[in-house]
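Notes follow the structure.
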Amino acid sequence: MYAAVVTAFDTPPAYREFPRPVPQSSDEILIDVVASGLHPRVRSQADGSHYTSSGELPLVPGVDGVGRASDGTLRSFVLPDTTAGAMAEQTVIDRRRSIALPEGADPVLVAAAVNPVMSSWVALRQRIQFEPGQSVLVLGATGSSGRMAIQVARHFGAGDVIGAGRDPKRLSELASLGADATVQLDNVSAVADLARDVDVVIDYLWGPVTAELMAGIAARRSEAGRPLAWIEIGSVAGPSAEIPSAALRAMRLQIVGSGQGSVPTRGFLSEMPDLIREISSGTFDIDARAVPLTEVETAWNDTSTDQRVVLTP
Ligand SMILES: NC(=O)c1ccc[n+]([C@@H]2O[C@H](COP(=O)([O-])OP(=O)(O)OC[C@H]3O[C@@H](n4cnc5c(N)ncnc54)[C@H](OP(=O)(O)O)[C@@H]3O)[C@@H](O)[C@H]2O)c1
């Protein structure tokens with residue numbers, strides 16, 4: 001079969017032949033892949049930088065997608081750590097890690113949305129006790145996952161939702177997705193002013209900006225005893241942050257991470273039915289573009305698009 005194949009971690013995947021994977025248990029089935037999202041998690045799998053990377057090559061990237069089973073049903077699936085991923089004509093899925101799509105669901109939109117929606121959905125549902133009415137700051141709100149986090153927070157009944165990001169044009173679009181206020185990231189003091197009393201931070205950035213903002217919010221908080229849950233989800237601005245000790249002492253700050261590991265597989269899977277239903281029924285706005293798998297190398301190198309690329313075999 002043909003697949004996107006990584007043979008070196010410093011080179012993008014190439015469209016070439018790869019051995020067809022074989023189911024290893026009665027829970028596993030071979031499916032025809034219909035769509036698979038090209039998102040940062042997949043990029044870090046393909047360049048070996050993700051914390052789950054075993055260093056094994058060659059590998060086919062792709063950790064989730066939509067495929068057609070032999071009975072004709074379309075299934076959304078998430079894969080375990082494997083070198084035979086979703087960016088292929090066929091892949092092996094575990095039935096228990098998949099769910100049939102509702103009639104009429106668009107497989108490209110589902111494949112595009114699952115990863116970015118899941119990031120904040122699982123964080124709010126599984127990592128903290130999120131209550132309707134709580135206010136939320138999304139740090140890195142202009143990326144695919146940040147745009148979704150605004151909508152997911154709204155969906156779960158958030159009070160005020162604030163979006164902070166760099167790109168002014170993308171920032172200006174967030175009001176239509178449910179943001180009450182937006183703020184430019186280059187002025188961290190302005191972010192801290194606006195977000196001084198938020199209940200939850202959904203953080204896709206980390207790095208120096210997170211450390212500076214924590215200190216800024218701690219200095220401005222009007223009620224020190226008011227809990228603040230800071231959920232670390234991504235690290236596009238830096239892999240580490242120098243957390244100011246004073247921020248931890250001066251306010252009731254709880255820092256948690258959300259991702260593969262801190263959320264067990266059963267935690268992700270338990271959210272799948274509701275999440276797929278909401279994505280399929282159009283609850284969330286996702287800007288997606290289908291690209292043939294044959295063009296994987298070009299798509300990989302093109303980081304200029306804001307749209308979430310979905311590879312279609
Ligand atoms: N833990 C999980 O479950 C999980 C799930 C999904 C995603 N993630 C992680 O979350 C992060 C964001 O994912 P995504 O899907 O939103 O990716 P994305 O669509 O590629 O968006 C990333 C955005 O980050 C912004 N950005 C890049 N460098 C920046 C910097 N130095 N400072 C501030 N902003 C910066 C850019 O927005 P501007 O153009 O406005 O600068 C870009 O649009 C990634 O680290 C990803 O791995 C984690």
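The values are calculated or read from the model by the stated rules, or taken from the named source; none is laboratory data. Keep in mind that what you see is a predicted model, and the values were worked out from it rather than measured. Here the Cβ positions follow ideal geometry from the backbone for every residue, glycine too, while neighbour counts run over all protein chains shown. Keep in mind that these areas ignore ligands, DNA and RNA; they rest on the heavy atoms of the full protein, side chains included. Shrake-Rupley method; radii C 1.70, N 1.55, O 1.52, S 1.80 Å.
Mind checking whether some residue in the stretch 17-26 is among the aliphatic types (A, V, I, L, M), over 17 Å from residue 79 (Cα atoms) and exposed (fewer than 13 other Cβ atoms within 10 Å of the Cβ)?
At the first step, the residues of the stretch 17-26 found to be among the aliphatic types (A, V, I, L, M) are 22.
Checking which are over 17 Å from residue 79 (Cα atoms) leaves us with none.
No, the stretch 17-26 has no match at all.
Considering only residues of the stretch 42-73 that are open to solvent by 40 Å² or more (accessible area, probe 1.4 Å) and closer than 18 Å to residue 204 by Cβ, which is modelled with the lowest pLDDT? So that I can check it myself, show each step before the final result.
The initial filter retains those residues of the stretch 42-73 that are open to solvent by 40 Å² or more (accessible area, probe 1.4 Å), namely 43, 47, 49, 51-58, 68, 70-71, 73.
This time we only want the ones that are closer than 18 Å to residue 204 by Cβ, so: 43, 49, 51.
Working: 43: 95, 49: 93, 51: 88.
Here the residue is 51.
Go through the residues of the stretch 218-229 one by one and say whether even a single one is within 14 Å of the ligand (Cβ to nearest atom), in contact with a strand residue (DSSP E or B) (Cβ under 7 Å, 6 or more places away or on another chain) and open to solvent by less than 10 Å² (accessible area, probe 1.4 Å).
So the first thing to find is which residues in the stretch 218-229 are within 14 Å of the ligand (Cβ to nearest atom), and the list is none.
No: the stretch 218-229 contains no residue that is within 14 Å of the ligand (Cβ to nearest atom), in contact with a strand residue (DSSP E or B) (Cβ under 7 Å, 6 or more places away or on another chain) and open to solvent by less than 10 Å² (accessible area, probe 1.4 Å).
For the stretch 255-266, which residues satisfy the criterion of being more than 14 Å from the chain's Cα centre (by Cα) and either without any contact (Cβ under 8 Å) to a residue 24 or more places away in the chain or within 11 Å of the ligand (Cβ to nearest atom) (or both)? Before you say what the answer is, go through the steps one by one.
Residues of the stretch 255-266 that are more than 14 Å from the chain's Cα centre (by Cα), as a first pass: 255-256, 261-262, 264-266.
Matches in the stretch 255-266: 261, 262, 264, 266.
For the list (1) within 22 Å of residue 46 (Cβ to Cβ); (2) in contact (Cβ under 8 Å) with a residue 60 or more places away in the chain, I need the number of the one condition that residue 304 fails.
(2) is the only condition that residue 304 fails.
Take residues that are in contact (Cβ under 8 Å) with a residue 60 or more places away in the chain and tell me which of the strands (runs of 3 or more DSSP E) falling wholly in the stretch 27-85 contain 2 or more. Break it down into steps so the answer makes sense when it comes.
Details: elements: 28-38, 64-68, 74-78.
Because the criterion is at least 2 residues that are in contact (Cβ under 8 Å) with a residue 60 or more places away in the chain, the strands (runs of 3 or more DSSP E) in the stretch 27-85 that meet it are 28-38, 74-78.
Looking at (1) closer than 28 Å to residue 232 by Cβ; (2) open to solvent by 40 Å² or more (accessible area, probe 1.4 Å); (3) modelled with pLDDT of 95 or more; (4) not hydrophobic (A, V, I, L, M, F, W, C), which is the only condition residue 106 fails?
Result: residue 106 fails condition (1) only.
Being free of Cβ contacts under 8 Å to residues at least 60 places away in the same chain and more than 20 Å from residue 305 (Cβ to Cβ) is the filter here; which residues of the stretch 151-175 pass it?
The answer is 153, 154, 156, 157, 158, 159, 160, 161, 162, 163, 164, 175.
Residue-by-condition table, conditions (1) free of Cβ contacts under 8 Å to residues at least 12 places away in the same chain; (2) more than 21 Å from residue 150 (Cβ to Cβ); (3) open to solvent by 10 Å² or more (accessible area, probe 1.4 Å):
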| residue | (1), (2), (3) |
| --- | --- |
| 183 | no, no, yes |
| 186 | no, no, yes |
| 195 | no, no, no |
| 209 | no, no, yes |
| 215 | no, yes, yes |
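Out of 236, 209, 198, 191, report the one residue that is more than 16 Å from the ligand (Cβ to nearest atom), β-branched (Val, Ile, Thr) and in contact with a Leu (Cβ under 7 Å, 6 or more places away or on another chain).
Values: 236 fails: more than 16 Å from the ligand (Cβ to nearest atom); 209 fails: more than 16 Å from the ligand (Cβ to nearest atom); 191 fails: more than 16 Å from the ligand (Cβ to nearest atom).
When all the criteria are applied, what remains is 198.
Please work out which residue is nearest to the ligand (Cβ to nearest atom), limiting yourself to the stretch 134-150 and to residues that are in contact (Cβ under 8 Å) with a residue 40 or more places away in the chain and β-branched (Val, Ile, Thr).
Going through the stretch 134-150, the residues in contact (Cβ under 8 Å) with a residue 40 or more places away in the chain turn out to be 134-141, 143-149.
Then keep just the ones that are β-branched (Val, Ile, Thr); that gives 136, 138.
On the way: 136: 16, 138: 10 Å.
That would be 138.
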